[in-house]
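The values are calculated or read from the model by the stated rules, or taken from the named source; none is laboratory data. Because the structure is predicted, anything quoted here is derived from the model rather than measured. Cβ placement follows ideal geometry from the backbone for every residue including glycine, while neighbour counts extend to all protein chains displayed. These area figures cover heavy atoms from the full protein model, side chains too; ligands, DNA and RNA do not enter into them. Shrake-Rupley method; radii C 1.70, N 1.55, O 1.52, S 1.80 Å.
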Amino acid sequence: RAPCGERVTVPMYAAWFDLGEVHAMERRELPGWFTGQCPTRTEAAYREARNFIILHYRACPRRRLTVAECRRHIPVDAGALHRLHAFLEYWGLMNYRP
């Protein structure tokens, strides 16, 4: 249960996800974080941003987590953050409503 008392639901099709690991699908779909071409987009920065988004959402899942809210807390370029947010939302890891 989330701190606000709601149960967090993750869809079965996102069973591949592990908060402690970066899955090959994440590397394939969000390559800009893993090429090493940008000093602010590294695997460690990716994991930190991704985990912050997911844990922030899970703290109160009834509230829709927006890109704007994430930008207040994550110091990375807007495009990369928007793609990460869209990826997590697509897979139902945040803002999921069964």
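So the values come out like this:
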item	result
Considering residues of segment 86-98 that are farther than 16 Å from ARG28 by Cα and assigned to a loop (DSSP other than H, G, I, E, B) only, the residue modelled with the lowest pLDDT	PRO98
Residue list for segment 86-98, restricted to those being more than 9 Å from the chain's Cα centre (by Cα), open to solvent by less than 70 Å² (accessible area, probe 1.4 Å) and not hydroxyl-bearing (Ser, Thr, Tyr)	TRP91, GLY92, ASN95
Residue list for segment 18-58, restricted to those being within 12 Å of the chain's Cα centre (by Cα), surrounded by 18 or more Cβ atoms within 10 Å (Cβ to Cβ) and assigned to a loop (DSSP other than H, G, I, E, B)	LEU30
Residues of segment 70-85 that turn out to be of a type outside the set (D, E, K, R), surrounded by 15 or more Cβ atoms within 10 Å (Cβ to Cβ) and not in a loop (DSSP other than H, G, I, E, B), as a count	5
Qualifying residue in segment 3-14 (condition: at pLDDT below 95, in contact with a helix residue (DSSP H, G or I) (Cβ under 8 Å, 6 or more places away or on another chain), open to solvent by 60 Å² or more (accessible area, probe 1.4 Å) and assigned to a loop (DSSP other than H, G, I, E, B))	yes
